[in-house]
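K.L.:
Once you've had a glance at the structure underneath, I'll fire off some questions.
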Amino acid sequence: MALNGITLHALCFELNKYFLNGRIQKIAQPEKEELLITVKGDEGTRMLFLSANASLPLIYMTQEKKNSPMTAPGFCMVLRKHIGSGRITAIEQLSEDMNPGLERVIRFTVEHLDEMGDPAKKYIYAEFMGKHSNIIFCNSDNKIIDAIKHVGANVSSVREVLPGRDYFIPSQDEKLDPFSVTEEEFRALLSKPVDVRRFFSGTFTGFSSVTANEISERCGIDSDVPLASLNPTERDKVTEEFFMLLKNLNNNEYSPCIIRSTDKNVPLEYSAFRLSCYRDGVIESFPLISDALFMFYGDRNKYTNMHQKSADIRKNVQNILERNVKKLDLQQRQLKDTEKMDKFKLRGELLTANAYGIEDGSDSATVLNYYTNEEVKIPLDKDLTVMENANRYYEKYNKLKRTKENLTGLIKETEDAVEQLKSILTAIEFAENEEDLSAIKKELQDSGFIRFKSQGKGKNRPEKSKPLHFITDEGFHIYVGKNNIQNDHLTFDVAEGNDWWFHVKTYTGSHVIVKTEGKELPDNVFENAASLAGYYSSGRDSDKVEIDYLQKKNVKKPNKRNAGFVIYYTNYSMTVKPGIFGMREVKD
C-alpha cells in the first residue's frame, strides 16, 4: 500500500491541473513531518498535504484543514520566509538522473522575489521512499537550504541531507526507467531467472507488486510462475500489456479506485488504474487519485485509531470475561459435587430404619436397601452412635441441597454474564466512533462490570450512538445494532410485529431488523439480511454461518434479563456467507 511511481505519476498529473501557476497563500506544519500548503490557482483554492512520516509517506490534494502548533517549527518558518507568496511554475516526477521518470520523487519549482526584489527560483523535493522519505528545500543550484528531516553521515553513508549539501536522488538498485525501454530490450529482459512478480517490481522503477499482479491477471497467468516457463504466446501477451500500461500513463488515462474486502468492508488496496487481480474485492471508483488516497488512508486510520482507543476497554472486558469463565468452571465443579447428596440422604434413612440392629462403636454397617433390595455397606464414625451417624449424613445432605439451590441461580447469573461479555467484545470490534464506545461503557457500568468516573455537567459528552442503517437494492430498510443497548432498542422499539428479525446462531452478534412496511420480502433480501447478521457477529470470519430469522412478534424478552437477551421458539434458519451484499449504507 506504499506510494509507488505509477500512483505518483497520476498524482503529478492532477497537481499540475490544479496547482500549476498557483500562488502559495499559506504554509503550515501540523505535525513534525507533515506540510499543508494552501494554493490559489485557476481551479480555485486547494490544499496540498505532504507527509514524510517513515511509516506512512503521503501526498494528495485535500480540503481538510488541520490544527497547527501555536509556534511554527523551524522548517515551516524557512519555507514561509523564502516562498510564502511564491508561484508554483513546475511540478515534475523525476528519475534518478533528475529527468522526468517514475521515481518516487516529485519536484515543485517555485518562483518568488528575493530579499532584493529580484526574481528567484527554489525547489521543494518531496521524496516518498519508506523510512527514507523526506521533504527537502533547495535553491536554484540544488544546494539544500533545509529539510523536514536532517540526515547526517552517522545515519546514512549514501547521502547527507543537511543545509549546504548538494541535493541528488540516491541510486535505486540499477532499476530501469520503463519509458526508455524498447520492445526488443523488454523481450530480452524476459530471460531473467525470476518469477513474473519480481521481474516487474525488481526491474522497473515505479512498478510495485500490485502492478505486477495486475499485468499477470490481464495476461491470464500466475504472477508466481518463473519467466522461463512462459510460452511464446504468453510472452507476447506480457509484452503487449506492459506497453499498453505505459501508453495509458503517457496519455494520462487513469481510473482511480479502492478495493474493499467483501467480507470485512475495509479498504485493501488503492490504485491509479482499475484492478482486476482482486477477484473477491469490491471496486469503489473515484474521479481523482487524491480522493482515493484520502478515503483509503482515512478509513484505514479510522480503523486503526478506533482499535487503539478501544484497547483499554477491550483488555478490561477480556480480563473480566476470563474471571467469569473461571468462576463458572468452579461453580460447575461444585455443582457436580452435590450429586452425592442423594447418597447421603439414603444412608441417613437406612441407618435410622436399622438403628436397632447396629451396634454403637462399629466402623461400618451392612444393611438392606429397601429401594433396590440390595445390601449396601455404610461407613460409620465409631466415636458416634448410630443415630448420630444418621444425623451427620442428613446434615451433609441438607448442606449439599442448599449448595445446589444456591449454585443453580449463581451459575445462571454467571452464564448470562459470560454471554453478555462475549457480546460486548463483539460490539467493541464493531465500534466506529467515540459514541459507540460510550454506549458500550454505559452497558458495562449499568451491568456492574466496570465503574467509570462521571463526566459531570458541563463536560462534552459524546452524542448518542446510532445503529447502522442500510438500504437494499429493492428499497427495504435494514437496521443493525452495534451493541446490546441498540439491539434492545431495535427489536422492541423500532421493529413492528411483521418486520423480520435476524440473528446468528451459536455466535454472539447483532440484532438485524428488516422493515417490511407491509410488503413481502424477496428471497434475496432474506439472504442479504442473513449475510449481514453473520457479518456483524463473532462468526464473521467463517466461510459459512447459520442464521435464525423470524417475525419480530415472535421474539420475546424475559423479565430482568441482560440487554440484548431474547428468546424465541418458532423460527426459520439458513446458512450464508457473512458479508454486505445487495445494499448500501446510509449515514443517518
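Where a number appears in this text, it was derived from the coordinates with a stated rule and is not lab data. Keep in mind the model is a prediction, meaning the values are calculated, not measured. Glycine gets a Cβ as well: all are built from the backbone with ideal geometry, and neighbour counts include every protein chain shown.
K.L.:
Between the range 54-123 and the range 182-218, how far is it from one alpha carbon centroid to the other, in angstrom?
P.N.:
Here the answer is 33 Å between Cα centres.
K.L.:
Moving to a separate point now. Assuming R0 = 30 Å, what is the FRET efficiency of residue 141 and residue 243, from their Cβ-Cβ distance, to the nearest 0.05?
P.N.:
0.20
K.L.:
Hey, which of these cross-link pairs are over 25 Å Cα-Cα: 505/577; 40/81; 441/587; 557/577; 422/544?
P.N.:
In this structure, 557/577 exceed 25 Å between Cα atoms.
K.L.:
Could you calculate the contour length gain from residue 569 to residue 329, that is, 0.36 nm times the residue separation minus the distance between their Cα atoms, to one decimal place in nm?
P.N.:
Extra length available between residue 569 and residue 329 comes to 83.6 nm.
K.L.:
Moving on to the next point. Starting from the Cα coordinates of the range 5-147, work out the convex hull volume and express it per residue in Å³.
P.N.:
Dividing the Cα hull volume of the range 5-147 by its residues yields 109 Å³.
K.L.:
For the range 120-199, report the % of Cα-Cα distances exceeding 16 Å.
P.N.:
So the portion of pairs separated by more than 16 Å is 62 percent.
K.L.:
Can you list which of the trypsin sites (Lys or Arg not before Pro) found in the range 324-404 are DSSP loop residues with at most 14 other C-beta atoms within 10 Å?
P.N.:
382
K.L.:
Would you work out which of 4, 161, 406 lies farthest towards the positive end of the dipole of the chain? Charges go on Cβ: Lys and Arg +1, Asp and Glu -1.
P.N.:
Most positive-ward Cα: 406.
K.L.:
Also, I was wondering about something else. Kirkwood Rh, the range 480-585, all Cα pairs: how many Å?
P.N.:
13.6
K.L.:
Which of the pairs 66/131; 345/396; 315/442; 336/382; 32/66 have their Cα atoms more than 19 Å apart in this structure?
P.N.:
In this structure, 66/131; 336/382 exceed 19 Å between Cα atoms.
K.L.:
What per residue convex hull volume, in Å³, do the alpha-carbon atoms of the chain yield?
P.N.:
That works out to 292 Å³ per residue.
K.L.:
Residue 410 to residue 577: extension gain in nm, 0.36 nm per residue of separation minus the Cα-Cα distance?
P.N.:
Going from the current span to full extension adds 56.4 nm.
K.L.:
Still on this structure, I have one more. Per residue, how much space in cubic angstrom lies within the convex hull of the C-alpha atoms of the range 1-73?
P.N.:
95
K.L.:
Let me ask something additional. So for the chain, averaging the separation of alpha carbon pairs under 8 Å that are six or more residues apart and normalising by length, what relative contact order in percent results?
P.N.:
Result for the chain is 8 percent.
K.L.:
Can you give me the pair-distance distribution of the range 543-586, C-alpha pairs, 5 Å bins, whole percents?
P.N.:
Reading the bins upward from 0: 5, 17, 18, 17, 20, 17, 5, 1.
K.L.:
Convex hull over the Cα atoms of the range 482-530, averaged projected area in nm²?
P.N.:
3.6
K.L.:
Going from the alpha-carbon gyration tensor of the range 178-306, what semi-axes, largest first and in whole Å, does one get by taking the root of 5 times each eigenvalue?
P.N.:
After diagonalising the Cα gyration tensor, the semi-axes are 30, 16, 12 Å.
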